1. All but one of (1) modelled with pLDDT under 95; (2) closer than 19 Å to residue 21 by Cα hold for residue 182; state the number of the condition that does not hold.
2. Among the residues of segment 129-146, which ones are among the hydroxyl-bearing types (Ser, Thr, Tyr) and free of Cβ contacts under 8 Å to residues at least 60 places away in the same chain?
3. Can you name every residue in segment 108-125 that is of a type outside the set (Phe, Trp, Tyr) and free of Cβ contacts under 8 Å to residues at least 40 places away in the same chain?
4. Among the residues of segment 147-166, is there at least one that is closer than 21 Å to residue 41 by Cβ, free of Cβ contacts under 8 Å to residues at least 12 places away in the same chain and either assigned to a helix (DSSP H, G or I) or more than 19 Å from the chain's Cα centre (by Cα) (or both)?
5. Let me confirm something: among 36, 15, 72, which residue is touching a helix residue (DSSP H, G or I) at 6+ places or on another chain (Cβ under 7 Å), in a helix (DSSP H, G or I) and hydrophobic (A, V, I, L, M, F, W, C)?
6. For segment 52-64, which residues satisfy the criterion of being surrounded by 14 or more Cβ atoms within 10 Å (Cβ to Cβ) and either at pLDDT 95 or above or part of a helix (DSSP H, G or I) (or both)?
7. Can you find a residue in segment 80-95 that is small (Gly, Ala, Ser), surrounded by 14 or more Cβ atoms within 10 Å (Cβ to Cβ) and within 30 Å of residue 216 (Cα to Cα)?
8. Quickly run through segment 75-91 and pick out the residues that are more than 14 Å from residue 148 (Cβ to Cβ) and outside any helix (DSSP H, G or I).
Amino acid sequence: MQNKEKYWHWASSSALLFVFLGYVVKFYDDWLFFDAPLQNIIRGKLSNGATQFFKWITQFGNPVPLIILTLAVAVLFYSQKKRVAALYLLVNIALGSGVLNNLLKLVYLRQRPTLPHLVTELTYSFPSGHAMGSMMFFGTLIVLVPLLATTKKWQWAGRIFLGLIVVLIGISRIYLGVHFPSDILGGWLLGVTWLFATYPLYDRYSFIERFKQTQRQRK
């Protein structure tokens, strides 16, 4: 119970930060003093090598590749009789990353930066779907790393690698000119909120699943 309250506390804290950021974006965007400086630092001098890299890495946050990766990993978990993990991943991506993000874009109606766009985007800017989607997918995998790696060393290596992908996808959206840094921050906050809020449910049902499997093995 204590752990559950801890995760809900973290979820409510990140949710409040998102609400505050969203309020500023909607009504006082001139307060976002960090947007322009960070854009200038990240975009810097546009080089062919950097452009190709960020165009490549940003694809891991695109809807179609994200759906394919989600289904592939979910099938892997399901085949290993880790059905709660498979369902947890599917629900996070379908409801959190998909439905919630698109609804919030219609609430804030933020236009994308006027910088030259290096990729085509037709939806609104805040919160970033790529930032939220990558946080939801790779963040869920960070939670599920113990199911994929047995030693602590490999678990931490996996978590660091997955976290780096999330950061690079966020940076790629700023570099490509289709998002403000505050859009990325908003997407990350939403993703973290969802993960913290839903983790206690995953933890509870995965424990029940393991208990039932142990009981069956003893018979």
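1. It is condition (1) that residue 182 fails.
2. Step one: filter segment 129-146 for residues among the hydroxyl-bearing types (Ser, Thr, Tyr), giving 134, 140.
Of everything in segment 129-146, just one residue is among the hydroxyl-bearing types (Ser, Thr, Tyr) and free of Cβ contacts under 8 Å to residues at least 60 places away in the same chain, namely 140.
3. Step one: filter segment 108-125 for residues of a type outside the set (Phe, Trp, Tyr), giving 109-123, 125.
Within segment 108-125, 109, 111, 114, 120, 122, 123 meet the criteria.
4. Within segment 147-166, one or more residues are closer than 21 Å to residue 41 by Cβ, free of Cβ contacts under 8 Å to residues at least 12 places away in the same chain and either assigned to a helix (DSSP H, G or I) or more than 19 Å from the chain's Cα centre (by Cα) (or both).
5. Going through 36, 15, 72 in turn, just one is touching a helix residue (DSSP H, G or I) at 6+ places or on another chain (Cβ under 7 Å), in a helix (DSSP H, G or I) and hydrophobic (A, V, I, L, M, F, W, C): 15.
6. First, pick out the residues of segment 52-64 that are surrounded by 14 or more Cβ atoms within 10 Å (Cβ to Cβ): 53-55, 57-62.
Matches in segment 52-64: 53, 54, 55, 57, 58, 59, 60, 61.
7. Yes: one or more hits.
8. Once the filter is applied, which keeps residues that are more than 14 Å from residue 148 (Cβ to Cβ) and outside any helix (DSSP H, G or I), segment 75-91 yields only 81.
The values are calculated or read from the model by the stated rules, or taken from the named source; none is laboratory data. From a predicted model like this one, the values you see are computed outputs, not experimental measurements. Glycine gets a Cβ as well: all are built from the backbone with ideal geometry, and neighbour counts include every protein chain shown.
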